[in-house]
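A.B. asks: Quick one: the structure is below, questions incoming.
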Amino acid sequence: MEFDGSAFEVEFSHQDGTTYAMETIPATMLMLLHYELVESVGARSR
């Protein structure tokens with residue numbers, strides 16, 4: 001949820017969808033995160 005661009009409601013949840021917390025956070029306190037799957041070193045040597 002966005003509050004006119006000044007704050008956002010953020011849900012913190014487990015991968016299975018269980019919500020742990022919901023917080024309203026000012027836009028100035030947010031950081032853009034990128035998630036990409038990375039192949040592990042052990043998987044390459046198989």
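A.B. asks: So who's got an amide H within less than 5 Å of the one on Ala7, skipping anything under 5 residues away but keeping other chains? H placed 1.01 Å off N, in plane.
C.D. replies: Distant-sequence amide H within range of Ala7: Ala27.
A.B. asks: Still on this structure, please answer the following. Convert 37 °C to kelvin, take the viscosity as 0.692 mPa s, use the Kirkwood radius over C-alpha pairs of the stretch 2-44 as Rh, and evaluate the Stokes-Einstein diffusion coefficient in µm²/s, rounded to a whole number.
C.D. replies: Reported coefficient: 253 µm²/s.
A.B. asks: If you don't mind, there's one more thing I want to ask. Spelling out what I want: for every residue of the stretch 15-23, take phi, set θ = phi - 60°, compute 6.51 cos²θ - 1.76 cosθ + 1.60 (Karplus), and round to whole Hz; glycine and proline get x.
C.D. replies: My calculation for the stretch 15-23 gives 4, 7, x, 5, 7, 9, 6, 10, 9 Hz in order.
Bear in mind that the values in this text are calculations on the coordinates, not laboratory data. All of these numbers come straight from a predicted model, not from anything done at the bench.
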